[in-house]
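Scroll down for the structure; my scribbles are underneath it.
The values are calculated or read from the model by the stated rules, or taken from the named source; none is laboratory data. No experiment lies behind these values; they were computed from the predicted model shown. Here Cβ is always computed from backbone atoms with ideal geometry, including for glycine, and neighbour counts include all displayed protein chains.
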Amino acid sequence: MPRIAEIEGTPNKNALKFILKEPLTWGVTRSFDNAEAAKDDPLAAELFEIDHVTNVFYIDSWITVTQDGEANWQDLAREIADPIRAAPAATEQTEATVSAANAALVNLSPADQIRLERINVLLDEEVRPFLQNDGGDLHVLGLEENVLRIHYQGACGTCPSAITGTLRGIEQMLKAIEPDIHVVAS
C-alpha cells in the first residue's frame, strides 16, 4: 500500500501531483480521461467516483489527479489520498499489464521502428523529465511518414501551454534528428 511522501502543485492549477514512497507501476503509464476509460483500473475507477475528478495519470511512484476547477484542493486532496493509500503497490502488478503496455506500436516498418526509437531517446532525455516533474507526460500514439502523433497525459493534458509552446518546442527539438517531422497532439 503506497504511502504519500509529498503533494505538489503543477503548472496546471487544476492538477495535483502525489509523490509516493512505493511505486504503483514499474514503468507502465496509466492515463484516463474519464470514468468509462478507467473502468478496468481499480485505482482510477475509485478516483473517478470522487466528485470533480476529471483525469487520472500515474506511473511508477507518482500520480497526478486533475479536477474540473470547481473544488477546493485542500478538501479534494484529502478525499483523493484514501484510494491512493489503499492501492496495491507495483510488486502486485501483473505481467500481462506490462506486456500489453510494451506491445504498442508494433506494426511499424523496421525503418520506422528505428526512427521511433531515436525519437523516443530524445523525448526520454530532453522532454519527458520536465513534463513528469510537472505532473504529466506524453505518449507517442503513432508515427506515419513525417507526422508524429502524441497524447499529453496527466497535468499536461489540460494545460494550455502544452498544446501551444511546449508542442512547438518538442517539434523544434525533434527536427534536429528528423528535419521534416511534424508533431501533432491528439
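Looking at region 106-129, is at least one residue touching a strand residue (DSSP E or B) at 6+ places or on another chain (Cβ under 6 Å), among the hydrophobic types (A, V, I, L, M, F, W, C), within 27 Å of Q67 (Cβ to Cβ) and outside the structural domain of N12 (by TED's automatic domain parsing)?
Within region 106-129, none of the residues are touching a strand residue (DSSP E or B) at 6+ places or on another chain (Cβ under 6 Å), among the hydrophobic types (A, V, I, L, M, F, W, C), within 27 Å of Q67 (Cβ to Cβ) and outside the structural domain of N12 (by TED's automatic domain parsing).
Please return the ranges of helices (runs of 4 or more DSSP H) entirely within region 75-155 where 1 or more residues are under 18 Å from P179 (Cα atoms) and at pLDDT 90 or above.
110-126
Only residues that are closer than 26 Å to Q113 by Cβ and either in a loop (DSSP other than H, G, I, E, B) or not assigned by TED's automatic domain parsing to the domain that holds P110 (or both): list them for region 156-178, please.
Within region 156-178, K175, A176, I177, E178 meet the criteria.
Tell me, which residue of region 13-67 that is of a type in the set (K, R) and more than 14 Å from C156 (Cβ to Cβ) is surrounded by the most Cβ atoms within 10 Å (Cβ to Cβ)?
R30
Do any strands (runs of 3 or more DSSP E) entirely within region 1-63 hold 2 or more residues that are of a type in the set (F, W, Y) and within 22 Å of V140 (Cβ to Cβ), and if so, which?
Filter on region 1-63 gives 53-59.
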